[in-house]
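The values are calculated or read from the model by the stated rules, or taken from the named source; none is laboratory data. Predicted, not measured: the structure shown is a model, and the values here were computed from it. Here Cβ is always computed from backbone atoms with ideal geometry, including for glycine, and neighbour counts include all displayed protein chains. With ligands, DNA and RNA removed, areas are computed over all heavy atoms of the protein, side chains included. Shrake-Rupley method; radii C 1.70, N 1.55, O 1.52, S 1.80 Å.
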Amino acid sequence: MKVFISVDMEGVAGISDWEQCLPGGDDYPLGRELVLGEVNAAIDGAVAAGADEILVNDSHSVMRNLPPAALGARASYLSGRFKPLYMMEGLDATYDAVVFLGYHAAMQSPGVLSHTYNPRAIAEVRLNTIVTGEAGLNALVAQHHGVPVAVVTGDQYVGPEAAPFCPGIATIEVKRSVSRYAAEHLHPDTARERIRDGVASALRAAPTLPRIALPGTVEVELVSPDMAEQATWIDGVTRLDGRTVSFTDDDALRLFRRFMTLVFLTRSLVEPG
């Protein structure tokens, strides 16, 4: 069994502030320790379910948050700040399942540290009219390759946000958001136990494929009209109003790539602050 683990950080138990998530933050060492613990719990669960090959895609911020030698089961590690498929880089049709670990809620949600790829540029994303966070968008890549998304871990919002696109996905809740800047967390040991057991159970249960209707339409509400104008420079992107753009495709991977092109392009217009 081959398992792909896409690792974010804001959905990890114990993390509730950007200072824990970004290099240079005064609590970043603690954040790294917390995410490593949950990654290794997911690896343990995958191995218990029969996985003999695991790839960990470090998908948060600069994407080099984990110490490779500390990963369990000699898992392979994908890191680096530019990946064409970002959080889903490395996935292909040879994998049997995907795990979304440490995921956070979409930008419009009250979930802790909520955002959708770029909090300074993107106010909301809808996939086939349904508001989505990163899990739903990333599921496009899994659907393209025919790989089930088995698990998502995070707060109380990530599961319901992923479910319309990944029917049957197992949700492992390790924290409950109180606001965008506060959450009640399980003890890290308890969170890791839940992740280990939940991942093992989900992988044994024959997870189902993502189910995103194609042709699919992505609508992106940006924070400024200038960003919306810039987004229309991408082939196939049309403007719906002052700050909202849309694009449609019958290929799931092309939809995802177009969205990521928009994300990378609009970063050049993000104001410092």
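Could you identify the single residue in 236, 242 that is at positive phi and not in a helix (DSSP H, G or I)? Break it down into steps so the answer makes sense when it comes.
Working: 242 fails: at positive phi.
Just one listed residue meets the conditions, 236.
Out of the residues in segment 68-119 meeting the condition of being among the basic types (Lys, Arg) and within 17 Å of the chain's Cα centre (by Cα), tell me which one is modelled with the lowest pLDDT.
Within segment 68-119, the subset among the basic types (Lys, Arg) is 74, 81, 83.
Checking the rest, the ones that are also within 17 Å of the chain's Cα centre (by Cα) come to 81, 83.
On the way: 81: 88, 83: 93.
It comes out as 81.
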State yes or no: is residue 247 part of a strand (DSSP E or B) and under 23 Å from residue 88 (Cα atoms)?
yes
If residue 82 meets every condition in (1) open to solvent by 10 Å² or more (accessible area, probe 1.4 Å); (2) touching a residue at least 12 places away in the same chain (Cβ under 8 Å); (3) of a type in the set (A, V, I, L, M, F, W, C) apart from one, which number is that one?
(2)
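Looking at 16, 6, which one is open to solvent by less than 10 Å² (accessible area, probe 1.4 Å) and in contact (Cβ under 8 Å) with a residue 40 or more places away in the chain?
Numbers: 16 fails: open to solvent by less than 10 Å² (accessible area, probe 1.4 Å).
Result: 6 is the single residue among 16, 6 that is open to solvent by less than 10 Å² (accessible area, probe 1.4 Å) and in contact (Cβ under 8 Å) with a residue 40 or more places away in the chain.
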Residue pairs meeting the criteria (Cβ under 8 Å; at least 6 apart or on separate chains; first at positive phi, in segment 52-68; second open to solvent by 50 Å² or more (accessible area, probe 1.4 Å))
61/22; 61/23; 63/79; 63/81
Residues that are on the phi > 0 side of the Ramachandran plot and open to solvent by less than 10 Å² (accessible area, probe 1.4 Å), drawn from segment 105-123
113
Would you tally the residues in segment 180-233 being open to solvent by 70 Å² or more (accessible area, probe 1.4 Å) and basic (Lys, Arg)?
4
When residue 89 is evaluated against the numbered criteria (1) open to solvent by 20 Å² or more (accessible area, probe 1.4 Å); (2) in contact with a strand residue (DSSP E or B) (Cβ under 8 Å, 6 or more places away or on another chain); (3) touching a residue at least 60 places away in the same chain (Cβ under 8 Å); (4) over 17 Å from residue 11 (Cα atoms), which criterion, by number, is the only one it fails?
(3)
Residue 236 vs (1) open to solvent by less than 10 Å² (accessible area, probe 1.4 Å); (2) under 23 Å from residue 83 (Cα atoms); (3) modelled with pLDDT of 95 or more: all pass except (1)
How about segment 240-258: which of its residues are open to solvent by 80 Å² or more (accessible area, probe 1.4 Å), more than 15 Å from residue 124 (Cα to Cα) and more than 21 Å from the chain's Cα centre (by Cα)?
250
Tell me whether segment 44-62 contains one or more residues that are in contact with a Phe, Trp or Tyr (Cβ under 8 Å, 6 or more places away or on another chain), in a helix (DSSP H, G or I), open to solvent by 70 Å² or more (accessible area, probe 1.4 Å) and farther than 25 Å from residue 261 by Cβ.
no
